[in-house]
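What follows draws every value from the coordinates through simple rules; no lab data is involved. Since the structure is predicted, the reported quantities are computational estimates derived from the model, not experimental observations. With ideal geometry, Cβ positions are generated from the backbone for all residues, glycine too; neighbour counts draw on all protein chains shown.
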Amino acid sequence: MAHPTPSSESPQLDALTEEGCYVALTDSPLSIIPIIDRVRSPKAGAIVLFAGTTRDTFAQKPVKELQYTAYRPLALRTMLTIARDIRAAHSLQAIAMVHRLGVCPIGEESILIAVSAPHRQAAWRAGEAALEACKERVEVWKREEFEGEGGVWRANRDGKVGIREDGKGEGGEGGGGD
């Protein structure tokens, strides 16, 4: 088995790679073509891309932006474990996952997941499984910033209530970004 190798393509990018797996955290806006290129293969008949995008409302409240933070070393290791497991479970050619940190404005992506497989069914299933595993397990936290109301920190998964920073108690359930 290949060992993960750190990569520092720019000061704002932390990445780990392993055969058929690429994971990264970045403070920069995400770009779709480079992640698709990481999973292209002449053996793959399907590439599936998921782009989690910041929406402008949640529970009828106007969202100003999302902000993400992470414990980078652990988050990267967790993402690589997920990528390795998903690749094996779905017989993928490759998988790539990139999560944005810092401020993520409305209409911009906070996470991209690309998978390639010989057939589309495996690619569809793997993409969904990778997203759910990331949301459940990766050490990333999300702050939903609402227009005129302050914000709520959440674990990076739907349905987990956060604590409002303005001291008014708990926020609502769910979350923006996908």
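Where a ≥ b ≥ c are the square roots of the eigenvalues of the C-alpha gyration tensor, would you call segment 75-129 rounded, which needs a/c under 1.5, or, failing that, prolate if a/b is larger than b/c, or oblate? Oblate is the answer for segment 75-129, as a/c is 1.5 or above yet b/c matches or exceeds a/b.
Taking other C-beta atoms within 10 Å as the exposure proxy, 27, 14 rank 27, 14 from fewest upward. In order along segment 30-35, phi translates into HN-Hα couplings of 8, 10, 6, 4, x, 6 Hz, rounded to whole numbers, per the Karplus curve 6.51 cos²θ - 1.76 cosθ + 1.60 with θ = phi - 60° and x for Gly and Pro. A simple rule links phi to the HN-Hα coupling: the Karplus curve 6.51 cos²θ - 1.76 cosθ + 1.60 with θ = phi - 60°, which for segment 65-76 gives 5, 10, 10, 10, 9, 8, 8, 3, x, 6, 4, 5 Hz, with x for Gly and Pro.
A DSSP coil position with no more than 15 other Cβ atoms inside 10 Å describes the following chymotrypsin sites (Phe, Trp or Tyr not before Pro) in segment 3-104: 71.
Shown here is the pair-distance distribution of segment 1-136: with all Cα-Cα distances grouped in 10 Å bins from zero up to the longest one, the shares run 13, 44, 32, 10, 1 percent.
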